[in-house]
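Following: one structure in structure tokens, then a few remarks.
The values are calculated or read from the model by the stated rules, or taken from the named source; none is laboratory data. None of these values were measured; they are calculated from a predicted model. Here the Cβ is made from the backbone with ideal geometry for all residues, glycine too, and neighbour counts use every protein chain on show. Heavy atoms of the whole protein, side chains included, go into the accessibility calculation; ligands, DNA and RNA do not. Shrake-Rupley method; radii C 1.70, N 1.55, O 1.52, S 1.80 Å.
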Amino acid sequence: QKIIERINDFLLFSKEDLNARDIIKCRNAEIRRNLLMRYGYEKLVAELKGIIIHTDGEYQLIKIDWHKREEPIKLVKVKDPSTDKIYLLRVPLEMKTCKEAISWTFGLSAKDYNPIKET
């Protein structure tokens, strides 16, 4: 397993050297986003046999079950409206909707997260 946590590590790997598990394990969100961009979001979700639990516009809540090798994880796919960059953010397993997951990333409840406009 490759550990990709520093920009130098990121630069060492070509698209062919990457796999979905290595990308998900990367804790640095910006490096993970770049790896995801290079690898391809659809390919990553397919390789990990991710199940899209909920969709809300461009947002997706995805569950990945490691089949007893590790505990399942949930990710929310978000798009930064100011840069159009896509991020996968890990969220707690109890999240059921995209809004609930996104609001959690801001430390808010779903009922308290009501942006008028995302910038």
Sequence-distant or interchain residues sharing an amide H contact under 5 Å with Val91, placed H: which? Lys74, Leu75, Val76
Accessible-area composition of the range 58-119, carbon plus sulfur, in percent [1.4 Å probe]: 52 percent
I want to check the label-to-label distance for Tyr113 and Arg27. Put each point 7 Å from Cα in the C-beta direction and report it in nm to one decimal. 2.3 nm
Using the Karplus curve 6.51 cos²θ - 1.76 cosθ + 1.60 with θ = phi - 60°, what ³J(HN,Hα) values do you get for each residue of the range 35-47, in whole Hz, with x for Gly and Pro? 4, 4, 4, 5, 7, x, 4, 4, 5, 4, 4, 5, 4
Per-residue ³J(HN,Hα) for the range 79-96, Karplus 6.51 cos²θ - 1.76 cosθ + 1.60, θ = phi - 60°, Hz, x for Gly and Pro: 10, 5, x, 7, 10, 6, 7, 9, 10, 10, 10, 6, 10, x, 4, 6, 5, 10
